[in-house]
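Peer 1: Here it is, the structure in full.
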Amino acid sequence: MGAYFPYLWQLLCIGVMLLLCVGLAGPLTWAERRQSAMIQDRVGPNRAGLSLFGKNYTAFGLLHPLADAIKMITKEDTINARADRFLYNIAPFVALLPALVTFAVIPFGPDVVIDGQRYGMQVARIDAGIVYIFAVSSLAVFGVTLAGYASASKLAMLGGLRASAQMISYEVTMGLSIMGLVLIWGTLEPNAMVVEQGHHFGGWLPAWGIFVQPLSFIIFLTAAIAENKRVPFDLAEGESEIVGYFVEYSGMKFGMFFMAEYIEVIVIAGLTTTLFFGGWQVPYLMDAHAHGALTEAGFVFPWGTVWQIGDLAATVIRFGAFVFKLLFFCWFQLMIRWTLPRFRYDQVMVLGWRRLLPLSLVNLVVTAAVVLALQ
Amino acid sequence: MGEVKQGKIEIAHVSREIPPQEKLFVPGIVEGLGATVRHFFKNVFGGKDKYTQTIEYPDVKVEYPHRFRGMHRLVPREDGAPRCVACFMCQTACPARCIHIVAGETEDHNIEKFPVVFEIDELRCVVCGLCVEACPCDAIRMDSGFHPKPVYSRDDADFGKSDLLAVLGRDEAKSGGVRDKTAPPATAAGTGRVDRADGDGGAGGAAGGYEHAH
C-alpha cells in the first residue's frame, strides 16, 4: 500500500458518510410522503419517472426528489425588502452545516486491518466524540434563530423564538440522557461505545444500550425529535398556523432548511443506532479474540452452535447491519411523525423541563449509584 | 351519564383528571404506532387485502355503468347521414342551450328536413340527457361511454355534425342502431318500419319511418 492510502481511506469514509447523509436525505423526502400515504390509506407520489425508449420507468416515484430539486433550484429566490440580507442569506447554511458534520463521529463499520495498519470506518475519531456531537448540534439553533430574525416577518420571528426556546430546553435533557451510558462504558468515543456493546449478558442478550439504559433511550429519542423540531414537537414550524422561521424563504434556500431537517433525521437515526442499538454490532457475531471457540470472526449462538464466516464477511455484514439499523430508525421516526398529534407550546415546555429533565437526572443519579456499587 | 328521574335531574360528575397511565404517553404512543404500523404494512405488503381503495385513474379505468351519459353522438341511417330531421326538439329541451341546429330542406318528402349545422357545445352541456329523451327519431344518444375529450380552445369544444357522427356507441347492436350494412332490414319497406331487437318503442318506430328513403 502506498503512503497515500490513509488519505484515500479518509476520502472513502467521507464519501460513505456523504452518501449516507446527503444521498439518503433526498429519498427520505419521498419516503416521508409515500409512507404517510401508506399509513393514511392513500397512494402517494408515484408518478415522477424517466421516459426511455418509449417506456416509462417510475420506480414507485423514487425520482420525485430529483424533480423537487430541479423545481427548487429553478424557482425565483425572493428576499423580503426589509430583511437583513447578509444574515438572511447565511441562515440556511448555518442550519445545514451542523446537521452535515455531526455524522462525522458516527462509526459505520468495525475497524479493518490493512497491511498491519488499523483503519476505522469513521470520518473523525475524536476522543470526546459525544461532546463534539452536542457542541455541533447546538449550533443548529443559530441557523433557525437567524432565519427567524433576519426575515423581517412576524411569523418567522415567532417561529424562530419558539425554535430557539425549544432547542435549548431539550439540549439539556438530551445531553443528560446519554450521560448514564457514558458512566457505564467509561468513554466518550462513539466507536469505543459500540465496541463495548459487543458482548452479551448471560451469553444471549446483546449488551446494547437499550438493554442497559431503557429509560434513557426513550428520553433520548424524545429529546432528539424535539431537537429536530419534527411532529409532535413542530411548534417552530406549525404548518397549520405560523409556518415558521422559514416562511419568507423560497427556492433552494428553503430547500436547504428542508434538507437539514432530513439529514438530522438520519443523524438521529445514526446516533440512536450507535448509542442504543449496538452500532455496527450484530448479535452473536464476534471477533476471533472474543471467544475461545473461534479462530476467525464468526457467530457463536447461545445454544452452542459456532459458525465461522471470516473477517471480511464479518465486516461486510456489520456494515450492512449498521445501514439496516440506520434505515430502520429513519423509518421509525417517520412513523412517529405520522402517528402523533402536535403538542401545544406550553405542553412542550412542561414536558421538557418538568418531566424529561428530572427524569433524566434521576436516571443519571441511579446509574451513578449502581456503577459505584458494582465497582 | 346521569339518570333522569321524575321531577329531578341527577348530575353526573365526570372527572377531567387524566389517568396516570395516559400521562406517561408511552402506552398511548405504542397503541397509536400499532395502528399506523398495521396500516403501513397492510398497504405495502397486503396485496389484495390492503386498505387503500384508490383507483389510479389514467392507468386503471373503471368501467362506467351501462346507462352512463357520456359524449353525445348522432346516430346514422344506413346511408351514413344522421337520422336527425332538424325538428329542434332537443335544442328546445336543452336547459343549457348548448345545441345549435340550422335546418335545411331535403329532396326526400318523407324526411323533409335535415340539419345543415348540428353543433353541441360540450363545455356548456350539463349532461342532463334531456336531448336524448326529447328526440323523436332516436337520432341523438349519449351512450358512447366516454367523456368529451379535453380541448385546447373553447372553439374546439363545439362538436359539429361529422364529429358527432364519428362517435360510436358502446353497445350498438343491443340498442338497435343499424350500422352494419350486411344486416338486412328486418321488415318490409312498405310499412317503412324497422323492428328493433330490443323493441325500444316509439323512437325506433319514428326513425324507421324514413327507412325507404334510399
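A short reminder: the numbers here are calculations on the coordinates, not readings from a lab. Just so it is clear, the structure is predicted and the values come from calculations on it, not from any experiment. All Cβ positions, even for glycine, are placed from backbone atoms using ideal geometry, and neighbour counts span all protein chains on display.
Peer 1: At a 10 Å Cβ-Cβ cut-off, how would you order B:Ser162, A:Ser169, fewest neighbours first?
Peer 2: B:Ser162, A:Ser169
Peer 1: Okay, moving on. According to the Cα gyration tensor, what semi-axes, each the square root of 5 times an eigenvalue, does the equivalent ellipsoid of region A:268-318 have, listed from largest to smallest in whole Å?
Peer 2: Equivalent-ellipsoid dimensions as semi-axes: 23, 12, 8 Å.
Peer 1: Compute the distance in nm between two label points, each set 7 Å from the Cα along the Cα-to-Cβ direction, one at A:Asp111 and one at A:Val243.
Peer 2: 5.3
Peer 1: Could you give the longest part of chain A that holds none of the trypsin sites (Lys or Arg not before Pro) found in DSSP loops with at most 11 neighbouring Cβ atoms within 10 Å?
Peer 2: After excluding every exposed loop site, the longest remaining stretch is A:83-343.
Peer 1: Count, for each residue of A:337-344, the Cβ atoms from other chains sitting within 10 Å of its Cβ, then give me the mean as a whole number.
Peer 2: 3
Peer 1: Now for a different question. Compute the Cα gyration tensor for region A:38-131, then decide on rounded, prolate or oblate, letting a ≥ b ≥ c be the square roots of its eigenvalues: rounded whenever a/c is under 1.5, prolate when a/b is larger than b/c in the other cases, and oblate in all that remain.
Peer 2: oblate
Peer 1: For B:Phe88, B:Phe45, what's the fewest-to-most ordering of other Cβ within 10 Å of each Cβ?
Peer 2: The most exposed by this proxy come first: B:Phe45, B:Phe88.
Peer 1: Shape verdict for region B:1-153, please, from the Cα gyration tensor: rounded (a/c under 1.5), prolate (a/b greater than b/c) or oblate.
Peer 2: prolate
Peer 1: For a quick check: with amide H placed at 1.01 Å from N, whose amide H comes under 5 Å from B:Lys113's, ignoring anything fewer than 5 positions away on the same chain?
Peer 2: Those lying under 5 Å, H to H, from B:Lys113 are B:Thr106.
Peer 1: Shifting gears a bit: With no solvent and one equal point scatterer placed on each C-alpha of region B:67-142, evaluate the Debye formula and give log10 I(q)/I(0) for q = 0.17, 0.20, 0.24 Å⁻¹, two decimals.
Peer 2: -0.60, -0.83, -1.16
Peer 1: What range in chain A is the longest one free of GluC sites (Glu not before Pro) that are in a loop by DSSP and have at most 16 other Cβ atoms within 10 angstrom?
Peer 2: A:77-238
Peer 1: Amide H of A:Gly109 versus every other amide H placed in the peptide plane: which residues, excluding those fewer than 5 positions away on the same chain, fall under 5 Å?
Peer 2: Sorted by chain and number, the residues that satisfy this are A:Met121.
Peer 1: Which whole-Hz ³J(HN,Hα) couplings does region B:6-15 yield from phi under the Karplus relation 6.51 cos²θ - 1.76 cosθ + 1.60, θ = phi - 60°, glycine and proline marked x?
Peer 2: 4, x, 7, 9, 8, 9, 8, 9, 9, 6
Peer 1: Sort A:His289, A:His64 by Cβ crowding within 10 Å, fewest neighbours at the top.
Peer 2: Least crowded to most crowded, the residues run A:His289, A:His64.
Peer 1: For the pairs A:Lys71/A:Lys229; A:Lys229/A:Lys325; A:Lys154/A:Lys229; B:Lys61/B:Lys149; A:Lys229/B:Lys42; A:Lys325/B:Lys42, note any where the Cα-Cα span goes beyond 27 Å.
Peer 2: Beyond 27 Å: A:Lys229/B:Lys42.
Peer 1: What chymotrypsin sites (Phe, Trp or Tyr not before Pro) in region A:18-96 are in a loop by DSSP, with at most 13 other Cβ atoms within 10 Å of the Cβ?
Peer 2: Here the sparse-neighbourhood loop sites are A:Phe53.
Peer 1: How high is the relative contact order of chain A? Use alpha-carbon pairs under 8 Å, at least six apart in sequence, and give a whole percent.
Peer 2: 20
Peer 1: Kyte-Doolittle cut-off -1.0, length cut-off 18 Å along the helix's own axis using Cα: show which whole DSSP H helices in chain A pass.
Peer 2: TM-like helix candidates: A:5-39, A:85-102, A:154-185, A:214-227, A:251-276, A:311-337, A:357-374.
Peer 1: Something else about it: Write out the GluC sites (Glu not before Pro) in region B:1-71 meeting two conditions: DSSP loop, and at most 13 other Cβ atoms within 10 Å of their Cβ.
Peer 2: Counting only loop positions with at most 13 other Cβ atoms within 10 Å, the GluC sites (Glu not before Pro) in region B:1-71 are B:Glu3, B:Glu10, B:Glu17, B:Glu56, B:Glu63.
Peer 1: Still on this structure, please answer the following. Mind giving me the FRET efficiency for B:Val44 and B:Val102? R0 is 41 Å, r the Cβ-Cβ distance, nearest 0.05 is fine.
Peer 2: About 0.10, to the nearest 0.05.
Peer 1: Plugging the Kirkwood radius over Cα pairs into Stokes-Einstein for region A:75-374, at a temperature of 25 °C and a viscosity of 0.890 mPa s, what D comes out in µm²/s?
Peer 2: Translational D for this selection: 119 µm²/s.
Peer 1: So how far, in whole Å, is the C-alpha centre of region A:16-34 from the one of region A:274-318?
Peer 2: 29
Peer 1: Compute the separation of the alpha-carbon centres of region A:354-375 and region A:61-82 and state it in Å as a whole number.
Peer 2: For region A:354-375 versus region A:61-82, the Cα centre distance is 47 Å.
Peer 1: Here's a follow-up. Work the Kirkwood hydrodynamic radius out for the protein assembly as shown: mean of 1/r over every pair of different alpha-carbon atoms, inverted, in Å.
Peer 2: Computed over the protein assembly as shown, the radius equals 30.4 Å.
Peer 1: Could you list the chymotrypsin sites (Phe, Trp or Tyr not before Pro) in region A:261-332 that lie in coil according to DSSP, counting only those with at most 12 other Cβ atoms within 10 Å of their Cβ?
Peer 2: Counting only loop positions with at most 12 other Cβ atoms within 10 Å, the chymotrypsin sites (Phe, Trp or Tyr not before Pro) in region A:261-332 are A:Trp303.
Peer 1: Take the alpha carbon gyration tensor of region A:316-375, find the square roots of its eigenvalues, order them as a ≥ b ≥ c, and report rounded if a/c is under 1.5; if not, report prolate when a/b exceeds b/c, else oblate.
Peer 2: Oblate, since a/c reaches 1.5 and b/c is not below a/b.
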